[in-house]
Amino acid sequence: MVMLMTQPSYLKDLNEQQLAAVTAPSGPVLVLAGAGSGKTRTLIHRLAYLVEEVKLSPAHIIALTFTNKAAQEIKSRAAALLNRSSANLGCLIGTFHSVSTRFLRRSASQLGFPPGFSIYDQADQLSLIRTIIKDLGYNQREVSAGAVAGLISRSKADLLSPTDYKERLGSHNKFTSLVAEIYGRYQTALFKNQAMDFDDLINQQVKLWQENSQLLRQYQERFSYILVDEYQDTNHAQYLWTKLLVGPAANLYAVGDDWQSIYSWRGADFGNILRFNQDYPQAKIYKLERNYRSTANIIAAGNAVMAPAEFKTDKKLWTANAAGRPLKVVELYDEISEANWVVEEIINLSATSDLIKGEPMYLPDQETGLLPDVGQGSWLYQGDGRELAGFVVLYRTNAQSRALEEACLKKGLPYRLVGGTRFYERQEIKDILAYLRLLINDRDGASLRRAALTPRRGLGETSLDKIISLAQTQDVALLSSSLSNHGLSGSKLAGWQSLIKLYNKWLQLLPKLTVAELIDEVLQSSGLKKELLDGSAEGKARYENIEELKTVAVERTPGQGREALIEFLTDVSLWQDQDELASKQPGGLTLMTLHSAKGLEFDTVFLVGMEEGLFPHSSSFSEPKELEEERRLCYVGLTRARRLVYCTYATNRRLFGSVMLGLPSRFLGDLPRDLIDFQAPTPF
DNA sequence: CTTCCTGCCGTTTTT
DNA sequence: CGGCAGGAAG
């Protein structure tokens, strides 16, 4: 270990524990950190430390995250520490999926895939499974494709192959044996389409490394230091991926908080973080329990909510920050008055807050010129949105955003909805991407299906499915004229042949065109443009979305030809984050689910819908483990706040048309009385 | 191939 | 309530 003669400036503002973690010796290191304790910060500083003091070449370092946003943040902050631009930082920083895809593209041929294999997202996966369910003679109502997809994905996260699944669970009951059958067919279908789903992007690389020790050793030598953020979110496949890559040297620096594990429903196993010491017996473990973010009252509330939890590491978050104000708990009549109350409180706070200066936002009455009474429905927001950056409204389910959006619209409060329909999930975007994917992967049936059906060219689903299965049996490219016995005639044949002609033309143009130019060309000659610009406002908006996609292409992959297109398609498949696009919009109140709030912080947090059955959600009641995940979700929500926390619940929430009688959430009951300022029922 | 009607069902969601 | 699967009819 390097002795530091003079302490570099970037180590000066770390506390004792943080400094110990950052300068820990080589080998496995676990930083078990609480919310707001600067855990990601230690990871960034560790990276800088390895480069500056250990004199490790950045080319040997990988930093892995779960979201692109986190990767971006690490990249830019590490670059700042090292006085470099983030473009020539030299480290590989990205999500597990993007890094693994990068590796996989290199050695895909060993698995029988071309380097340009398609990446199937959840929607592609679902439609593939639906087809299989139909082929097996079931309809959608009998067998839920979503449920099957979930089970398959969980099995893949646990590295259970279709055969493993069949052996272990196949004979369990009728449903599991059906799932086993579908799973097997699904994997075959993926292979025929030369496609991988998100789970495969991790699993297949694990498989490659397990089967080829020489390849593994190459990677281990090339990347000798691995840093993992949010380690509690790793599933078994990602855990193994990491373990294989770090190898015997085990230079792994993992950072995480088991209290913030909220993704076990998608396979994340926070046991990975609890078992760290068993996996790496020589591990150094550092605990960061000091919180720098929140007031002492908020921290006390977080500790109180977690106190009844059974499955957790012992930890007591503490802070030197002032006590601050008590948490405000407000009972409201229904979801509409809840939303109105929240929006009015935000208008009020943003106008009067001592932290956020702004003009009063009451509108004078038009006739009398007097400020209106401070009653319901009388305030209108008049700021420019920037002062709203400190506020967030968090809810358990996306459906709850509706009432809040309506309240914002009514009061003229600008808002930013995080989540909802993501950019790359839009119909028109998927359509154009399907055309592009076909140019790289001529076996991609799901993309052919989409492309050939939009715009309509006389070919229906039935004919297409026939062509696809025929081509896959004959093992020829989908859009090839050598496909025999397709039995098409008349307008169907004409449509098919015109598509082949177009396709061949694009293939010829491909090497000379940039991605943006290619999008233009496809848009034009496929007839997509004509179909979108039919004069309707909706069509125009959709066309503009494609223009937006072009902008992304120009910025991210300015190059020409096949390689650039593969890079672009990988990028848009793995970067489904709409935040980058949303952040171009002017500021506003942020509305999002509790899940998407992880890793963020706000001055003031509103937790709405704190009712039994909604939060904790009723589906978690039967399983203590699931109930605890809700508890952790509550902890995550509370600890997003720097200064103020509001919890609201409605006594008469409308859900699916009927009214649900709401009792206050048990989590509210876990908060000590002296931390709470309870507001009595408001008159309705 | 499209459109219209009926009836069912309802977390969280990144990559 | 509202979105979507799926069947029937155009």
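To the nearest whole percent, what portion of all C-alpha pairs in segment A:233-290 is separated by more than 17 angstrom?
Numbers: 641 of 1653 pairs.
When all Cα pairs of segment A:233-290 are counted, 39 percent exceed 17 Å.
Among the trypsin sites (Lys or Arg not before Pro) in segment A:131-198, which ones are in a DSSP loop with at most 12 other Cβ atoms within 10 Å of the Cβ? Mind listing them?
Answer in residue order: A:Arg141.
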At a threshold of 8 angstrom on Cα-Cα distance, excluding pairs fewer than six apart, so keeping six or more, what relative contact order does chain A reach in percent? 17
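About its Cα centre, how strong a charge dipole does chain A have in debye, to the nearest 20, once Lys and Arg get +1 and Asp and Glu get -1 at the Cβ? Don't skip to the answer; put the middle values down first.
Working: 77 positive and 79 negative charges, 360 e Å.
Computed charge dipole of chain A: roughly 1720 debye.
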Expected unfolding gain across A:Ser480-A:Asn139 under the 0.36 nm per residue rule, minus the alpha-carbon gap, is 119.5 nm
How big is D, in µm² s⁻¹, for segment A:271-329 by Stokes-Einstein at 20 °C and 1.002 mPa s if Rh is the Kirkwood radius over C-alpha pairs? 158
Please list, short to long, the whole-number percent of alpha-carbon pairs of segment A:135-275 in consecutive 10 angstrom bins beginning at zero. 11, 34, 33, 18, 5, 0
At q = 0.17, 0.18 Å⁻¹, what is the log10 ratio I(q)/I(0) for segment A:190-257, with the Debye formula run over Cα points and no solvent? -0.66, -0.73
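To the nearest whole percent, what portion of all C-alpha pairs in segment A:84-144 is separated by more than 16 angstrom?
Details: 1202 of 1830 pairs.
For segment A:84-144, the share of Cα pairs beyond 16 Å comes to 66 percent.
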Residue order, fewest to most beta carbons within 10 Å, for A:Tyr286, A:Tyr395, A:Tyr292: A:Tyr292, A:Tyr286, A:Tyr395
For segment A:237-280, which trypsin sites (Lys or Arg not before Pro) pass both filters: DSSP loop (anything but H, G, I, E, B) and at most 14 other C-beta atoms within 10 Å? A:Arg275
Let me understand segment A:609-684 better: what is its radius of gyration from the alpha carbons, and its Dmax, in angstrom? 13.4, 38
Nearest 10, in degrees from 0 to 90: the angle of helix A:236-246 to the longest Cα principal axis of chain A is 80
In nm, spacing of pseudo-spin labels at A:Arg154 and A:Leu470 (7 Å Cα→C-beta vector): 4.1
With all pairs of different alpha carbon atoms counted, what Kirkwood hydrodynamic radius in Å does chain A show? 27.7
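Tell me the net charge near A:Glu601. Cut-off is 12 Å between Cβ atoms, A:Glu601 excluded, with +1 for each Lys or Arg and -1 for each Asp or Glu.
+4
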Where only C-alpha atoms are counted, convex hull volume of segment A:6-118 per residue in Å³: 136
Nearest 500 deg cm²/dmol is fine: what mean residue ellipticity at 222 nm does chain A get from its DSSP H runs of n ≥ 4 alone, each adding -39,500 (n - 2.57), divided by its residue count? -14000 deg cm²/dmol
Rounded to 5, percent antiparallel among DSSP beta bridges of chain A: 10
If you keep only loop residues by DSSP, which GluC sites (Glu not before Pro) in segment A:262-345 have at most 15 other Cβ atoms within 10 Å of their Cβ? A:Glu289, A:Glu310
If each residue of separation counts as 0.36 nm, what is the full-extension length gain between A:Ser525 and A:Ala320 once their alpha-carbon separation is subtracted? 67.4 nm
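All of the numbers you see were taken from the coordinates with simple rules; none came from a lab. This is a predicted model, so every value here is computed, not measured. Cβ atoms come from the backbone with ideal geometry, glycine included; neighbour counts cover every protein chain shown.
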